[in-house]
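See structure below.
Here, each number is a calculation from the coordinates, and none is a lab measurement. Remember, it's a predicted structure, so these values are computed and weren't measured experimentally. Neighbour counts run over all protein chains shown; Cβ positions are idealised from the backbone, glycine included.
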Amino acid sequence: MRQQIVAGNWKMNKTLEEGVELTKAILDKINQPKGLVVVAPPLTHLQEIGRLLSTKKSFHLSAQNCHQEEKGAYTGEVSADMLVSVGCSFVILGHSERRQYFKESNATLAAKVNISLAKGLRPIFCCGEPLNIRETETHVAYVAKQLKASLFHLSETEFRKVVIAYEPIWAIGTGKTASSLQAQEMHKSIRDLVAKKYGKAVANDTTILYGGSCNAQNAAELFAQPDVDGGLIGGASLKADDFAVIVGALK
Ligand code: PEP
């Protein structure tokens with residue numbers, strides 16, 4: 001069955017103390033969510049925040065990245081096994097900031113998806129086009145290429161564990177949201193692409209989140225779209241009140 005999910009990507013924000021405070025406020029304000037609530041704090045906070053999240057049903061811990069190798073001499077990196085060992089059940093992969101600043105390619109991301117799944121983490125796999133691609137109306141093909149290159153080698157069983165997050169880069173952190181129609185158009189095209197590869201039943205069960213300046217004001221309209229199954233939230237996930245409203249907008 002398709003799951004509704006709201007995931008908060010804190011990026012490189014909040015000290016441990018601030019993160020604990022935010023998590024407590026989130027747990028306090030969100031009761032009986034209609035779907036899963038995923039929190040992705042910085043690496044240093046995972047264990048502490050995971051412990052808090054585990055006290056309430058429907059709350060899950062995510063990392064923001066993991067290394068593609070199982071273990072070894074990769075100074076400064078963290079493995080999928082390590083993330084599982086501190087309580088993560090999800091990992092965000094392919095965020096546009098990782099693609100842009102850390103030069104993560106589709107091939108590297110395919111390797112990260114593989115190791116995550118092999119170790120029991122569910123990837124929240126990000127895709128999305130830059131502004132110039134949107135302006136030339138080639139965004140559907142651009143996103144299809146990202147998905148094919150990093151996900152479509154998976155078996156059906158593996159693919160069913162993946163959550164897709166469509167995040168148009170021009171909307172991330174810019175205050176410029178995709179309209180609900182733009183989001184729906186892309187989400188439908190992603191679902192159709194998945195149906196072509198894995199069949200209609202799998203496509204129907206695939207969770208596709210929207211991300212990009214989703215906030216307390218626009219979440220309900222975005223989530224009301226038939227192919228939008230929740231959101232990956234950046235800035236607005238740092239305020240418990242706003243995050244709670246967004247979770248409350250799940251259908
Ligand atoms: C993100 O970085 O995943 C994101 C959606 O950010 P924001 O909500 O701040 O645009």
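Some observations on this one:
- Boolean, residue 48 is charged (D, E, K, R), within 25 Å of residue 33 (Cα to Cα) and either touching a residue at least 12 places away in the same chain (Cβ under 8 Å) or touching a helix residue (DSSP H, G or I) at 6+ places or on another chain (Cβ under 6 Å) (or both): yes
- Residues of the range 70-118 satisfying the condition of being without any contact (Cβ under 8 Å) to a residue 24 or more places away in the chain, assigned to a loop (DSSP other than H, G, I, E, B) and crowded, with 16+ Cβ neighbours inside 10 Å: 104
- Test result for residue 174, β-branched (Val, Ile, Thr) and more than 19 Å from residue 3 (Cα to Cα): yes
- Taking the range 51-69 as the range and being touching a helix residue (DSSP H, G or I) at 6+ places or on another chain (Cβ under 8 Å) and in a helix (DSSP H, G or I) as the test, the residues that pass are 52, 53.
- Hits in the range 15-55 - residues which are within 19 Å of the chain's Cα centre (by Cα) and among the charged types (D, E, K, R): 34
- Looking only at residues in the range 119-149 that are of a type outside the set (A, V, I, L, M), over 21 Å from residue 8 (Cα atoms) and crowded, with 18+ Cβ neighbours inside 10 Å, the one that is farthest from the chain's Cα centre (by Cα) is 134.
- Note on the range 150-159: among residues that are outside any helix (DSSP H, G or I) and surrounded by fewer than 15 Cβ atoms within 10 Å (Cβ to Cβ), the one that is farthest from the ligand (Cβ to nearest atom) is 155.
- Per-region count, the range 1-45, residues part of a helix (DSSP H, G or I) and of a type in the set (D, E, K, R): 6
- Some residue of the range 165-173 being surrounded by 13 or more Cβ atoms within 10 Å (Cβ to Cβ), farther than 20 Å from residue 228 by Cβ and not hydrophobic (A, V, I, L, M, F, W, C): no
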